[in-house]
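Trainee: The structure under discussion is supplied below as structure tokens; questions concerning it will follow.
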Amino acid sequence: MSKKLAIVFPGAGYHCDKPLLYYSKKIAKNKDYEIIEADYDFREFVKNIKEDAEATQKALEFGLERVTEQLKDVDFSTYDRVVFIGKSIGTAIAAKYGKTFEIDAEQIVFTPIEVTFSYLNPCDGFVFHGTADPLCDTDMCVQLCEQMSLTYAVIPDANHSLETGDVATDLKNMERIMSIVDSLM
């Protein structure tokens with residue numbers, strides 16, 4: 001049996017027990033992945049992280065430092081497959097960690113922030129984006145995905161949590177999103 005690892009990189013306000021990450025972890029567990037949840041506390045950055053590029057960069061560096069410490073004993077070479085599942089700033093931390101340490105990991109990218117694309121490798125992931133996401137412009141996101149040969153799904157009227165405010169729509173979208181995640185795992 002192959003040895004598989006999924007590392008979950010939450011966002012600043014989107015923890016591992018919120019729907020996108022919770023269900024992704026369940027899918028990974030059902031497919032016999034070992035699961036590690038990255039842990040970083042962004043409380044000191046949260047107020048400014050959305051409007052201030054410098055605060056975002058500080059939070060990214062802080063998160064990367066914490067993750068590097070948490071994962072220092074993981075021997076990635078012993079795994080047949082590694083998947084990073086990130087949300088928001090966690091997508092940037094995951095991508096930067098992978099690039100910095102040359103980890104051959106597939107990326108599941110939930111609602112990236114702009115800087116995430118600076119660290120993703122071409123053809124290296126699947127990006128989920130909502131057209132009402134105030135933290136990442138849809139045209140820019142789609143253009144970068146296409147330039148980098150990243151597969152992507154754009155969720156109409158969905159915000160930074162990939163929610164529209166309509167429960168029935170959100171449940172249909174979640175089913176579609178998790179169906180894609182399931183196929184990626």
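The values are calculated or read from the model by the stated rules, or taken from the named source; none is laboratory data. In this text, all values refer to a predicted model and were calculated from it rather than measured experimentally. Backbone-built Cβ (ideal geometry, glycine too); neighbour counts: all protein chains shown. In case anyone asks, the SASA skips ligands and DNA or RNA and just uses the protein heavy atoms, side chains included. Shrake-Rupley method; radii C 1.70, N 1.55, O 1.52, S 1.80 Å.
Trainee: Condition first: crowded, with 19+ Cβ neighbours inside 10 Å and closer than 14 Å to D39 by Cβ. Now tell me which residues in region 65-84 satisfy that.
Mentor: The one that is crowded, with 19+ Cβ neighbours inside 10 Å and closer than 14 Å to D39 by Cβ: V67.
Trainee: Taking only pairs six or more apart or across chains, which ones have beta-carbon atoms under 9 Å, a first residue in region 27-47 that is surrounded by fewer than 12 Cβ atoms within 10 Å (Cβ to Cβ), and a second residue that is at pLDDT 95 or above and among the acidic types (D, E)?
Mentor: N30/D182
Trainee: So P134 fits all but one of (1) in contact (Cβ under 8 Å) with a residue 40 or more places away in the chain; (2) part of a helix (DSSP H, G or I); (3) open to solvent by 60 Å² or more (accessible area, probe 1.4 Å); what number is the exception?
Mentor: For P134, the failing item is (2).
Trainee: Here are some residues: G98, G125. Which one is out of contact with any helix residue (DSSP H, G or I) (no Cβ under 9 Å at 6 or more places or on another chain) and over 18 Å from K18 (Cβ atoms)?
Mentor: That would be G98, the only listed residue that is out of contact with any helix residue (DSSP H, G or I) (no Cβ under 9 Å at 6 or more places or on another chain) and over 18 Å from K18 (Cβ atoms).
Trainee: Tell me which residues, restricted to region 108-123, are within 16 Å of G90 (Cβ to Cβ), of a type outside the set (V, I, T) and open to solvent by 10 Å² or more (accessible area, probe 1.4 Å).
Mentor: Our first condition is that a residue be within 16 Å of G90 (Cβ to Cβ); within region 108-123, this holds for 108-120.
Right, trim to of a type outside the set (V, I, T) and you get 110, 112, 114, 117-120.
Those that are within 16 Å of G90 (Cβ to Cβ), of a type outside the set (V, I, T) and open to solvent by 10 Å² or more (accessible area, probe 1.4 Å): E114, F117, S118, Y119.
Trainee: I would also like to ask the following. Show the residue pairs that are 6+ apart or on different chains and have beta-carbon atoms under 6 Å apart, the first residue being within region 77-97 and at positive phi, the second being open to solvent by 30 Å² or more (accessible area, probe 1.4 Å).
Mentor: Every condition considered, no pair remains.
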